[in-house]
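Engineer: Got a structure here, written out as structure tokens. Questions coming.
The values are calculated or read from the model by the stated rules, or taken from the named source; none is laboratory data. None of the values given here were measured: they were computed from a predicted structure. Neighbour counts run over all protein chains shown; Cβ positions are idealised from the backbone, glycine included.
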Amino acid sequence: MRNPSKHFKVTKKTEKLRVCIVVIACVVVSAAAQSASNVTATYHYYNPQKISWDLNAASTYCATWDANRPLAWRRRYGWTAFCGAVGPQDQAACSRCLKISHFVVTNSGSGTQATVRIVDKYSNGGLDLDVNVFNKLDKNRNGNARGHLTVRYDFVKCGH
């Protein structure tokens, strides 16, 4: 005859394991939900270096919440407007950082990356990168000729 208390402990351990697996699965799904591929990125002439990284002068959507941040914070990353299909929108997107990846299909499979801060919102979907960031990613200038790049973005923690 089996010991009922021993059977209960196994069931309790099994239940804890199930809960742990569900939590891990939720974390993985949540992390995966914070990136998107085949995103259209256009360019905008924010040129923050010419306006002392002044979000009000650039008339950005996020200026309401971020214009009084320290200069070092405003100039740490390139700027972008965001209206991606994946991730927070509007005020919830302000101040967040994205790692943008542009992979050029060549023999070497080379690509470029940049981290940007969301300072504005965009109504056409995708990203509207500051022209300086766009040009950094567009090494072969084909994106400039087409007027857009196709990129991947991942939400990342902004460094300080």
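Engineer: Given (1) more than 20 Å from residue 150 (Cβ to Cβ); (2) modelled with pLDDT of 95 or more; (3) more than 17 Å from the chain's Cα centre (by Cα), where does residue 92 come up short, assuming only one miss?
Structural biologist: Here residue 92 clears every test but (3).
Engineer: Quick test of your reading of the structure: residue 40 fulfils all but one of (1) more than 19 Å from residue 131 (Cβ to Cβ); (2) of a type in the set (Ser, Thr, Tyr); (3) surrounded by fewer than 17 Cβ atoms within 10 Å (Cβ to Cβ). Name the failing condition by number.
Structural biologist: Going through (1) more than 19 Å from residue 131 (Cβ to Cβ); (2) of a type in the set (Ser, Thr, Tyr); (3) surrounded by fewer than 17 Cβ atoms within 10 Å (Cβ to Cβ) one by one, residue 40 breaks only (1).
Engineer: Out of curiosity, is residue 14 at pLDDT 55 or above, at negative phi, out of contact with any helix residue (DSSP H, G or I) (no Cβ under 7 Å at 6 or more places or on another chain) and among the hydroxyl-bearing types (Ser, Thr, Tyr)?
Structural biologist: Numbers: at pLDDT 55 or above: no; at negative phi: yes; out of contact with any helix residue (DSSP H, G or I) (no Cβ under 7 Å at 6 or more places or on another chain): yes; among the hydroxyl-bearing types (Ser, Thr, Tyr): yes.
Here the answer is no, as residue 14 does not meet what is asked.
Engineer: Just a yes or no: is a residue in the range 78-97 over 20 Å from residue 158 (Cα atoms) and assigned by TED's automatic domain parsing to the domain that holds residue 151? Can you show your working first?
Structural biologist: Applying the first criterion (over 20 Å from residue 158 (Cα atoms)) to the range 78-97 yields 85.
Right, trim to assigned by TED's automatic domain parsing to the domain that holds residue 151 and you get 85.
Yes, the range 78-97 contains a residue that is over 20 Å from residue 158 (Cα atoms) and assigned by TED's automatic domain parsing to the domain that holds residue 151.
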